[in-house]
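The values are calculated or read from the model by the stated rules, or taken from the named source; none is laboratory data. Keep in mind that this is a model prediction, so the values were computed, not measured. Cβ coordinates were reconstructed from backbone atoms using ideal geometry, including for glycine residues, and neighbour counts include every protein chain displayed.
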Amino acid sequence: MSEDIYKLIGESIKHRRKEKGMTQQELAEKVELSTNYVGLIERGDRHAGLDILQKIADVFGIGLKGLFEKTAVRPSGKSDYTFADKRILSLLRETSPAEKKAFITLISSRSRKKH
């Protein structure tokens, strides 16, 4: 798994924790981890195993898959970026202007076919 994925998962956990009005300490107590470790997971500095991610998802009342959805918050405060959206943005940062233009052309042609 790439390092970016762990950061995205961490962002998702942090976002969901804040949505629930929870502190890192409260989440840590519920999943039997240290507050420091929860912070490391949220920053993507520690790679939590599936067992820990499942415990966290259970605290939020979502399935494990839910940690991979809606992982970013737009500047406007809306939380409608999905995990896939965030991954695409991450990949686009690494592309040249010509590659970005080709991507836009591809996506634009696909969206026109749907209408």
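Is there any pair with a first residue in region 28-51 that is under 13 Å from Ile9 (Cβ atoms) and a second that is among the aliphatic types (A, V, I, L, M) and assigned to a helix (DSSP H, G or I) whose Cβ atoms are under 6 Å apart and which are 6 or more apart or on different chains, and what are they?
Val38/Leu27; Val38/Ala28; Glu42/Ile13; Arg46/Leu40; Ala48/Ile41
Among the residues of region 27-62, which ones are of a type in the set (D, E, K, R) and under 23 Å from Asp4 (Cα atoms)?
Selection gives Glu42, Arg43, Asp45, Arg46, Asp51, Lys55.
Which of (1) of a type outside the set (Lys, Arg); (2) at pLDDT 85 or above; (3) surrounded by 14 or more Cβ atoms within 10 Å (Cβ to Cβ); (4) assigned to a helix (DSSP H, G or I) does Asp4 not meet, given it meets every other one?
Unmet condition: (2).
Table: residues versus (1) surrounded by fewer than 14 Cβ atoms within 10 Å (Cβ to Cβ); (2) part of a helix (DSSP H, G or I); (3) at pLDDT 80 or above.
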{"position": "Val59", "(1), (2), (3)": "no, yes, yes"}
{"position": "Leu67", "(1), (2), (3)": "no, yes, yes"}
{"position": "Lys86", "(1), (2), (3)": "no, yes, no"}
{"position": "Leu106", "(1), (2), (3)": "yes, yes, yes"}
{"position": "Ser109", "(1), (2), (3)": "yes, yes, no"}
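Out of Lys78, Lys114, Lys100, which single residue is modelled with pLDDT of 80 or more and either over 24 Å from Lys14 (Cα atoms) or exposed (fewer than 11 other Cβ atoms within 10 Å of the Cβ) (or both)?
The unique qualifying residue is Lys100.
Identify all residues within region 27-54 that are exposed (fewer than 14 other Cβ atoms within 10 Å of the Cβ), acidic (Asp, Glu) and over 18 Å from the mean Cα position of the chain (by Cα); write none if there are none.
Glu32
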